Amino acid sequence: MAEALMKKLYPGEAYVQSAGVHSDLDVDGFAVAVCEEMGMEIHRHQARSFDDLKDWGDDISSYDLIIALSPASQRRVLDLTRFYHLEVEYWPIMDPTGIGETRDAKLDAYRQARDQILKRMLARFGPSTATLNAL
C-alpha cells in the first residue's frame, strides 16, 4: 500500500521500492480492495523482501531514505544499513492482518492502516503534487 500511495501522490518525483522482512509473493486481497478505493491497482504487485531486492540488483546503499513500517522491518533495515550513510525512519503503522472477524471489519482495519500511511506521507513530504496539479 505504501509504494502505491507514494507513486500516486508523488508521481515521478522519487524512485520508490517496497520491501519487507519476508516475501509472500501475493499481495493481500484486503490491501488490493482498499487501494482500489483510491484508484490504485496493486493486484499485480509482488511482495519483495530485502533479500529479494539485493538478489535482483538493488543496491540498498543507493537509497537516500528508507521508511520502515514495522518493528521487524526497522531492525532489519538498521542491520542492513549500518555501514551506509542514509536516512532511516520508523513509522509505527498498525498491522491490519488478523484484525476483524467479518469482511467489513477487516476492510476497516486495512483502511485505517492505509490512512495512517497517507497521513504520515503528507506530513513528511508535503502536499501531493498529484493534488496540486489537479487544481
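Got a number for residues in the stretch 76-114 being open to solvent by 70 Å² or more (accessible area, probe 1.4 Å) and part of a helix (DSSP H, G or I)?
Let us first name the residues in the stretch 76-114 that are open to solvent by 70 Å² or more (accessible area, probe 1.4 Å), namely 78-79, 82-85, 87, 90, 92, 95, 97-98, 101-104, 108, 112.
Retained after the next criterion (residues that are part of a helix (DSSP H, G or I)): 78-79, 103-104, 108, 112.
Within the stretch 76-114, residues that are open to solvent by 70 Å² or more (accessible area, probe 1.4 Å) and part of a helix (DSSP H, G or I) number 6.
Looking at (1) more than 25 Å from residue 48 (Cβ to Cβ); (2) in contact (Cβ under 8 Å) with a residue 60 or more places away in the chain; (3) out of contact with any Pro (no Cβ under 8 Å at 6 or more places or on another chain), which is the only condition residue 96 fails?
Of (1) more than 25 Å from residue 48 (Cβ to Cβ); (2) in contact (Cβ under 8 Å) with a residue 60 or more places away in the chain; (3) out of contact with any Pro (no Cβ under 8 Å at 6 or more places or on another chain), only one is false for residue 96: (1).
Applying the selection to the stretch 94-109, what residues are of a type outside the set (Gly, Ala, Ser), closer than 22 Å to residue 8 by Cβ and modelled with pLDDT of 95 or more?
107, 108
Do the conditions hold for residue 48, that is, is it in contact (Cβ under 8 Å) with a residue 24 or more places away in the chain, out of contact with any helix residue (DSSP H, G or I) (no Cβ under 7 Å at 6 or more places or on another chain) and either of a type in the set (Lys, Arg) or surrounded by 15 or more Cβ atoms within 10 Å (Cβ to Cβ) (or both)?
On the way: in contact (Cβ under 8 Å) with a residue 24 or more places away in the chain: yes; out of contact with any helix residue (DSSP H, G or I) (no Cβ under 7 Å at 6 or more places or on another chain): yes; either of a type in the set (Lys, Arg) or surrounded by 15 or more Cβ atoms within 10 Å (Cβ to Cβ) (or both): yes.
Yes; evaluated as a whole, the condition is true for this residue.
The values are calculated or read from the model by the stated rules, or taken from the named source; none is laboratory data. The structure presented is a predicted model; accordingly, all values stated were derived computationally and were not measured. Glycine gets a Cβ as well: all are built from the backbone with ideal geometry, and neighbour counts include every protein chain shown. We work out accessible area using only protein heavy atoms, side chains counted, and drop any ligands, DNA or RNA first. Shrake-Rupley method; radii C 1.70, N 1.55, O 1.52, S 1.80 Å.
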